[in-house]
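S.K.: So that we are looking at the same thing, I have put the structure below in structure tokens.
The values are calculated or read from the model by the stated rules, or taken from the named source; none is laboratory data. Model, not experiment: these values are computed from the prediction. Because the Cβ atoms are built from the backbone with ideal geometry, glycine has one as well, and the counts that use them run over all protein chains shown.
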Amino acid sequence: MLVLTLFWASSFPAPYPLSYLQQLDPDNTGFIGVETFTGLVHSHELPLDPAKLDMLVALAQSNDQGQICYQELVDLISSKRSSSFKRAITNGQRALPRDGLLDEPGLGFYKRFVRYVAYEILPCEMDRRWYFYQHRTCPPPVFMATVTLTQIIVFLCYGARLNKWVLQTYHPEYMKSPLVYHPGHRARAWRFLTYMFMHVGLEQLGFNALLQLMIGVPLEMVHGVLRIGFLYLAGVLAGSLTVSITDMRAPVVGGSGGVYALCSAHLANVVMNWAGMRCPYKLLRMVLALVCMSSEVGRAVWLRFSPPLPASGPQPSFMAHLAGAVVGISMGLTILRSYEENLQDQCGWWVVLLSYATFLLFAIFWNIFAYDLLGAQVLPPP
């Protein structure tokens, strides 16, 4: 009760005597009724965000007593939400105003974009409102923007150097790049990641860059650079390692492993939360995304086994696309399940992480021993 009383004393401009404040909680329970609290806010013009007040009222109306405690108020003001707090909010969200974020007038361009991101990514109206009101511009979504910009710069540099902008991999000098993954250079471990900066040609670069910006940036804005960066790089690494196991003679270029990890994670999240998603034309957009992704995989398969031009060696493999999709569906659903909940608190996260670590260890031993044991005929690197 003492802490709650001190909070009331510090919240209101008028110096109220202790006896008056104790009348708010005569039984010294540490709680205050929601009607009393709401009346105090309006009568004394306490500067509390109306949206947060709605959430607090919803929280109070979700319990049997209709009361607010000090810690709940502190959690709300400081934008922290414990599991019990979030469950209570979810149970009481029917007490919130019926109007959604889409009905809010007078928003600037950036706030409208944040609202768009909330409806694109989050399946729960309560989470959308929470994200919208507590979102900060810092840190910006720098990971996906940096990766995309770097890929474009690298492509332009090699395009100018080779004087070739379409199907660059058919140029005899292309595979000499220190960034390309080549089975003959397996010992150079950085190539298992740096191949994401190289692309077959303008078509693949344009497809990957478009998806990274359209899907990756909103995901990063909601879930943060660490989660989305990890998911993207996990897809990239799984792509090259899968190729080294299943298509042992083929090189790999392009960021498709990471792109497909992001896309498949987002699409799986939409399917799992279909009823709650409010993005417009979601069925049509999902069908178009699946058609585009399937077409890109089909094009990669065609270039791998039926190249349109004579080539000096095997063309880049398509298995990175499929590996990225598997990583996105398995790992992405855990990462995107809650944009606030700590991953270390989720049992499923540890299962997925252990499975991924097991795959990495298997792939590492495969690359060290299997090529020699199986007598794989790998063309010498250029």
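S.K.: Name the residue, out of R285, R278, that is under 20 Å from the mean Cα position of the chain (by Cα) and either surrounded by 15 or more Cβ atoms within 10 Å (Cβ to Cβ) or outside any helix (DSSP H, G or I) (or both).
M.R.: On the way: R285 fails: either surrounded by 15 or more Cβ atoms within 10 Å (Cβ to Cβ) or outside any helix (DSSP H, G or I) (or both).
Of R285, R278, the one residue that is under 20 Å from the mean Cα position of the chain (by Cα) and either surrounded by 15 or more Cβ atoms within 10 Å (Cβ to Cβ) or outside any helix (DSSP H, G or I) (or both) is R278.
S.K.: Is segment 253-266 home to any residue that is in contact with a strand residue (DSSP E or B) (Cβ under 9 Å, 6 or more places away or on another chain) and in contact (Cβ under 8 Å) with a residue 60 or more places away in the chain? Talk me through it step by step, then tell me what you get.
M.R.: Going residue by residue through segment 253-266, those that are in contact with a strand residue (DSSP E or B) (Cβ under 9 Å, 6 or more places away or on another chain) are 253.
Of the ones still in play, those that are also in contact (Cβ under 8 Å) with a residue 60 or more places away in the chain are 253.
Scanning segment 253-266 turns up at least one residue that is in contact with a strand residue (DSSP E or B) (Cβ under 9 Å, 6 or more places away or on another chain) and in contact (Cβ under 8 Å) with a residue 60 or more places away in the chain.
Results for (1) closer than 17 Å to A209 by Cα; (2) within 18 Å of the chain's Cα centre (by Cα); (3) assigned to a helix (DSSP H, G or I), shown as yes or no for each residue.
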position: G257; (1), (2), (3): yes, yes, yes
position: H266; (1), (2), (3): yes, yes, yes
position: M293; (1), (2), (3): yes, no, yes
position: G298; (1), (2), (3): no, no, yes
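S.K.: Residues that are exposed (fewer than 14 other Cβ atoms within 10 Å of the Cβ): list the helices (runs of 4 or more DSSP H) wholly contained in segment 135-244 that include at least 1 such residues.
M.R.: Values: elements: 142-162, 191-194, 202-211, 217-223.
Once the helices (runs of 4 or more DSSP H) in segment 135-244 are filtered for at least 1 residues that are exposed (fewer than 14 other Cβ atoms within 10 Å of the Cβ), what remains is 142-162, 202-211.
S.K.: Another question, then. Does any residue in segment 274-300 that is closer than 23 Å to R337 by Cα come within less than 6 Å, Cβ to Cβ, of a residue that is part of a helix (DSSP H, G or I) six or more places away or on a different chain, and which pairs are these?
M.R.: Short answer, once both residue conditions are applied: M277/V270; R278/Y119; C279/Y119; C279/E120.
S.K.: Please tell me if V351 is β-branched (V, I, T) and assigned to a loop (DSSP other than H, G, I, E, B). Explain how you work it out, then say what you get.
M.R.: Numbers: β-branched (V, I, T): yes; assigned to a loop (DSSP other than H, G, I, E, B): no.
Here the answer is no, as V351 does not meet what is asked.
S.K.: Here are the criteria: (1) over 15 Å from R249 (Cα atoms); (2) surrounded by 11 or more Cβ atoms within 10 Å (Cβ to Cβ). Tell me which single one L354 does not satisfy.
M.R.: (2)
S.K.: Assess whether G328 counts as being surrounded by 24 or more Cβ atoms within 10 Å (Cβ to Cβ) and either in a helix (DSSP H, G or I) or more than 23 Å from the chain's Cα centre (by Cα) (or both).
M.R.: Values: surrounded by 24 or more Cβ atoms within 10 Å (Cβ to Cβ): yes; either in a helix (DSSP H, G or I) or more than 23 Å from the chain's Cα centre (by Cα) (or both): yes.
Criteria met by G328.
S.K.: Hey, among the residues in segment 331-343 that are out of contact with any Phe, Trp or Tyr (no Cβ under 8 Å at 6 or more places or on another chain) and of a type in the set (S, T, N, Q), which one's modelled with the lowest pLDDT?
M.R.: Among those residues, the one meeting the criterion is S338.
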